[in-house]
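Okay, so here's the structure we're looking at.
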Amino acid sequence: MSNNPVYVALDVPRLDAAEALANKVKGHVGGLKLGLEFFCAHGHHGVRELQKIGLPIFLDLKLHDIPNTVAAAMQAINTLNPAVVTIHAAGGRAMMEEAKAAAGENTKVVAVTVLTSLDDEDLGAIGITAPPMEQALRLADLAHAAGLDGIVCSGHEVAAIKQQWKDGFFVVPGLRLPDAKYSDQKRIVSPREARDNGASLLVVGRPIRGAEDPLAAAKAIEATL
């Protein structure tokens with residue numbers, strides 16, 4: 001893992017666009033985050049092409065299925081040797097245990113707790129009466145018990161979770177700069193706030209990708225850390 005905690009989210013459908021952005025900012029980020037949009041479009045080939053840039057790869061696939069299926073999916077990506085892979089904590093303890101057992105020894109497996117696009121109302125609509133903080137803490141406890149390396153949560157919850165999981169690896173997405181439009185993200189903080197609250201890895205997408213000058217944006221975020 002790099003000393004720079006910022007992983008730029010290359011959530012774009014075109015491989016050439018992802019490569020261009022990664023090459024532009026590679027000196028000021030610690031790694032590359034590839035999500036479902038990129039992986040569904042380019043698969044293993046796309047990951048291998050971006051690995052040539054020389055930065056760690058974070059596969060944000062959010063695997064969520066029965067334990068056997070998730071374990072098989074994890075085995076299928078082991079040849080890519082990703083630095084980090086995400087699964088969903090809501091899949092349950094057995095699924096998380098199987099995912100961790102199937103992962104490569106150099107891969108951190110982290111569980112998504114509550115998506116940063118959800119708030120109290122959204123959780124209530126799917127039958128979860130607990131607020132985001134309580135639900136994230138509950139799922140973090142389950143991920144810890146399952147032997148995972150860490151979790152994904154918002155910057156609002158990471159400090160509380162770190163209190164109960166001292167050596168956990170905490171991924172915080174949904175980061176925005178103070179003057180940014182929030183779009184579909186609801187529980188947001190700045191990169192500096194997330195780092196101060198205990199985040200291990202910061203996922204930054206649109207503040208870099210959507211900037212007029214992505215390199216300047218990456219430099220500015222790096223400077224705040």
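The values are calculated or read from the model by the stated rules, or taken from the named source; none is laboratory data. Keep in mind the model is a prediction, meaning the values are calculated, not measured. As a convention, Cβ positions derive from the backbone with ideal geometry for all residues, glycine included, and neighbour counts pool all protein chains shown. Surface areas here come from the heavy atoms of the whole protein model, side chains and all, with no ligands, DNA or RNA. Shrake-Rupley method; radii C 1.70, N 1.55, O 1.52, S 1.80 Å.
Between ALA76, ALA125, which is surrounded by fewer than 16 Cβ atoms within 10 Å (Cβ to Cβ), without any contact (Cβ under 8 Å) to a residue 40 or more places away in the chain, more than 13 Å from the chain's Cα centre (by Cα) and under 26 Å from VAL189 (Cβ atoms)?
Numbers: ALA76 fails: under 26 Å from VAL189 (Cβ atoms).
ALA125 is the lone residue from the list that is surrounded by fewer than 16 Cβ atoms within 10 Å (Cβ to Cβ), without any contact (Cβ under 8 Å) to a residue 40 or more places away in the chain, more than 13 Å from the chain's Cα centre (by Cα) and under 26 Å from VAL189 (Cβ atoms).
Filter the range 159-178 down to the residues that are outside any strand (DSSP E or B), under 11 Å from the mean Cα position of the chain (by Cα) and not small (Gly, Ala, Ser) and list them by number.
So the first thing to find is which residues in the range 159-178 are outside any strand (DSSP E or B), and the list is 159-168, 173-174, 176-178.
From what is left, the residues that are under 11 Å from the mean Cα position of the chain (by Cα) are 173-174.
Passing the criteria: only PRO173.
When only residues in the range 14-49 that are of a type in the set (D, E, K, R) and part of a helix (DSSP H, G or I) count, which is nearest to ILE87 (Cα to Cα)? If you could, list the steps in order and put the result at the bottom.
Kept after step one, since they are of a type in the set (D, E, K, R), are these residues of the range 14-49: 14, 16, 19, 24, 26, 33, 37, 48-49.
Okay, now just the ones that are also part of a helix (DSSP H, G or I), so 16, 19, 24, 26, 37, 48-49.
Numbers: ASP16: 27, GLU19: 25, LYS24: 29, LYS26: 26, GLU37: 16, ARG48: 21, GLU49: 23 Å.
The extreme case among them is GLU37.
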Just give me the residues in the range 44-59 being open to solvent by 20 Å² or more (accessible area, probe 1.4 Å) and over 17 Å from the mean Cα position of the chain (by Cα), in sequence order.
HIS44, HIS45, ARG48, GLU49, GLN51, LYS52, ILE53, GLY54
Qualifying residue in the range 184-203 (condition: touching a residue at least 24 places away in the same chain (Cβ under 8 Å), closer than 26 Å to VAL12 by Cβ, in a helix (DSSP H, G or I) and open to solvent by less than 70 Å² (accessible area, probe 1.4 Å)):
yes
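Determine which member of the set ASN81, ASN106, ASN68 is within 16 Å of PHE39 (Cβ to Cβ) and in contact (Cβ under 8 Å) with a residue 12 or more places away in the chain.
On the way: ASN106 fails: within 16 Å of PHE39 (Cβ to Cβ); ASN68 fails: within 16 Å of PHE39 (Cβ to Cβ).
Result: ASN81 is the single residue among ASN81, ASN106, ASN68 that is within 16 Å of PHE39 (Cβ to Cβ) and in contact (Cβ under 8 Å) with a residue 12 or more places away in the chain.
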In the range 84-93, is there at least one residue being of a type in the set (A, V, I, L, M, F, W, C) and over 17 Å from VAL112 (Cβ atoms)?
no
All but one of (1) over 22 Å from GLN164 (Cα atoms); (2) in a loop (DSSP other than H, G, I, E, B) hold for GLY124, so report the exception by its number.
(2)
Consider only pairs whose beta carbons are under 6 Å apart and that are at least six residues apart or on different chains; among these, list those whose first residue lies in the range 44-60 and is on the phi > 0 side of the Ramachandran plot and modelled with pLDDT of 95 or more and whose second residue is not aromatic (Phe, Trp, Tyr) and not in a strand (DSSP E or B).
none
Among residues belonging to the range 131-163 that are exposed (fewer than 15 other Cβ atoms within 10 Å of the Cβ) and touching a helix residue (DSSP H, G or I) at 6+ places or on another chain (Cβ under 7 Å), point out the one that is nearest to GLU97 (Cα to Cα).
GLY147
